[in-house]
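Input: a single structure, listed below in structure tokens.
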Amino acid sequence: MTKKNNFNAYSIIAKKRDGKSLTADEINWMVNGLVSGQVEQYQMTALLMAIYLNGMSVAETAALTDAMLYSGKTLKFKGENVVDKHSTGGVGDKASFILGPIAAACGVKVPMMAGRGLGHTGGTVDKVESIKGFKTALTLEQFKKQLDKEKIVLIGQTKDIAPADKIIYGLRDVTATVESIPLITASIMSKKLAEGANGIVMDIKTGEGAFMSDIKNAKALAKSLRDTAKRFNKRMVTYITDMNQPLGNYVGNSLEIIESIETLKGNGPKDLTDISVKLAGAMIYIAKQATSLKEGEAMARESIANGKALAVFKKLIKVQGGDDKVIDDYSRLPLAKVITEVKASKAGYVSSIACKEMGLHCVALGGGRHKASDKVDLGVGFIFKKKVGEKVAKGETLVEIYHNKNQAAIVKDISAAMTKEIKISQAKVASPKLIFEIKEI
Ligand code: URA
């Protein structure tokens, strides 16, 4: 049992286990104790399970966010125009590469601190590392300098920012406590607040390929995030968007960079373009560069049409040491050389694509990780030639699998699984709804 300052881990755990509310001091003591080593990881794990089972009030969630936020360094930027976006993650979600440059082209300062792939979902940092030379490990000083100068910066998580989250996330990941609204809220908000964003646009994914698979929980998470943002005096717009099929048509690290560049050139698929423009529009709006979401969205579309957003992305690649010629020459990306096609076994309309399974197939090919130390293959992935609602003829290509020569056996298994997981119906199927809820504070 750990004792200090009249608190002890045992009674704090017991209090939460019995459904009572914790004080900010108790929460703070546990989080600080975890980081300093005074509270054992198994004690924190027990508390996390108690929180998972009994929930937390808005005040407790804010106190947990606060304790995690101040467990490391915090950045501060002047001006309301420092705005970031966070997605709860999905398959084919490459919107950051599109909306970041759009927002920066429209007067927003965008401090992107992104993650690596997690479970079946891909990670922004892995994807951008398909661009040769792109450095995602800048110091916080370099991060600040670049944001001021270029209005946009993209780095991976550093150990200085919210270190308590790193430990707590690791514990949750292996103890079945990830899907907890207060724990997700504190995890996301502590990182976003520490990186210095004054406004945040949240893209909460819902559906089969999302961590929050049902809409009721997605709405509750959106509310919890807004309530916490309000307590920290930050502007926020929450979007709940569809993750029942991959976003866009390309899944896999290099492939997603290609689709992002094509979208910035105005050639992107409708779902990816619409989501990117809407979220960027919200960033522009809460950064006070537009007077409404609608005006922000129009500015975002214009920045694609006039090439300014693409120019920002090219510059971002260059200033972070990457090969900016990839913008016009995709052969400079490490794309896998062999393509195997998955064909439709019958004619009809695509009625569903098992989204999470598609993410897991990409991981199985080497495009994601089974454990943190795994090396990611940046070249493998899929191009979905047909999405939900589209008509397909018998024998037509549903998916192109990009893989390496020595992967014939696994590709055979994936092709067979995809034939079952991409359902085709005789009846016409409508294109799925993309956005379920938009709320701002
Ligand atoms: N993303 C995070 O950063 N934290 C969570 O807990 C879940 C998703």
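The values are calculated or read from the model by the stated rules, or taken from the named source; none is laboratory data. Keep in mind the model is a prediction, meaning the values are calculated, not measured. FYI the Cβ positions are ideal-geometry reconstructions off the backbone, even for glycines, and counts take in every protein chain you see.
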Complete set of residues in the stretch 157-190 that are part of a loop (DSSP other than H, G, I, E, B) and acidic (Asp, Glu): Asp160, Glu179
Residue identified as free of Cβ contacts under 8 Å to residues at least 24 places away in the same chain, over 30 Å from Lys294 (Cβ atoms), among the aliphatic types (A, V, I, L, M) and not assigned by TED's automatic domain parsing to the domain that holds Leu118 among Ala354, Ala408, Ala417, Ala393: Ala408
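Among the residues of the stretch 131-152, is any within 13 Å of the ligand (Cβ to nearest atom), at positive phi and in contact with a Lys or Arg (Cβ under 9 Å, 6 or more places away or on another chain)? Don't jump to the end; show me each part of the working.
Narrowing the stretch 131-152 to residues within 13 Å of the ligand (Cβ to nearest atom): none.
No.
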Members of the stretch 202-213 that are more than 14 Å from the ligand (Cβ to nearest atom) and either within 17 Å of Ser57 (Cα to Cα) or out of contact with any Gly (no Cβ under 9 Å at 6 or more places or on another chain) (or both): Glu208
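Does the stretch 106-122 include one or more residues that are assigned to a helix (DSSP H, G or I), among the aliphatic types (A, V, I, L, M), over 30 Å from Tyr10 (Cα atoms) and assigned by TED's automatic domain parsing to the domain that holds Lys315?
Looking for residues that are assigned to a helix (DSSP H, G or I), among the aliphatic types (A, V, I, L, M), over 30 Å from Tyr10 (Cα atoms) and assigned by TED's automatic domain parsing to the domain that holds Lys315, one finds none in the stretch 106-122, hence no.
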Cβ pairs under 8 Å, 6+ apart, first in the stretch 166-181 and touching a residue at least 60 places away in the same chain (Cβ under 8 Å) and assigned by TED's automatic domain parsing to the domain that holds Ala114, second β-branched (Val, Ile, Thr) and within 9 Å of the ligand (Cβ to nearest atom): Arg172/Val178
Which numbered condition Lys15 fails, given (1) part of a loop (DSSP other than H, G, I, E, B); (2) basic (Lys, Arg); (3) surrounded by fewer than 23 Cβ atoms within 10 Å (Cβ to Cβ): (1)
Where a residue in the stretch 60-89 is on the phi > 0 side of the Ramachandran plot and its partner, wherever it lies, is modelled with pLDDT under 95 and more than 15 Å from the ligand (Cβ to nearest atom), with Cβ under 9 Å and at least six apart: Gly79/Asn198
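Here is a yes/no grid of residues against (1) assigned by TED's automatic domain parsing to the domain that holds Lys270; (2) within 15 Å of the ligand (Cβ to nearest atom); (3) surrounded by fewer than 20 Cβ atoms within 10 Å (Cβ to Cβ); (4) more than 30 Å from Leu247 (Cβ to Cβ):
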| site | (1), (2), (3), (4) |
| --- | --- |
| Gly33 | no, no, no, yes |
| Gly37 | no, no, yes, yes |
| Phe77 | no, no, yes, no |
| Gly89 | yes, yes, no, no |
Given (1) over 16 Å from the mean Cα position of the chain (by Cα); (2) closer than 23 Å to Lys94 by Cα; (3) at pLDDT below 95, number of the condition Met236 does not satisfy: (3)
Check on Ser190, at pLDDT 95 or above, away from the ligand (no atom under 16 Å from the Cβ), among the small types (Gly, Ala, Ser) and farther than 17 Å from Val319 by Cβ: no
Asp242 vs. criteria more than 21 Å from Lys78 (Cα to Cα) and more than 13 Å from the ligand (Cβ to nearest atom): yes
Residues within the stretch 243-271 that are closer than 21 Å to Leu360 by Cβ and either of a type in the set (Gly, Ala, Ser) or outside any helix (DSSP H, G or I) (or both), tallied: 11
All positions within the stretch 91-124 that are of a type in the set (A, V, I, L, M, F, W, C) and within 13 Å of the ligand (Cβ to nearest atom): Met113, Ala114, Leu118
Filter result for the condition that a residue is out of contact with any His (no Cβ under 7 Å at 6 or more places or on another chain) and crowded, with 24+ Cβ neighbours inside 10 Å, over Gly122, Gly115, Gly156: Gly122
Flag for Lys127 being among the charged types (D, E, K, R), part of a helix (DSSP H, G or I) and within 13 Å of the ligand (Cβ to nearest atom): no
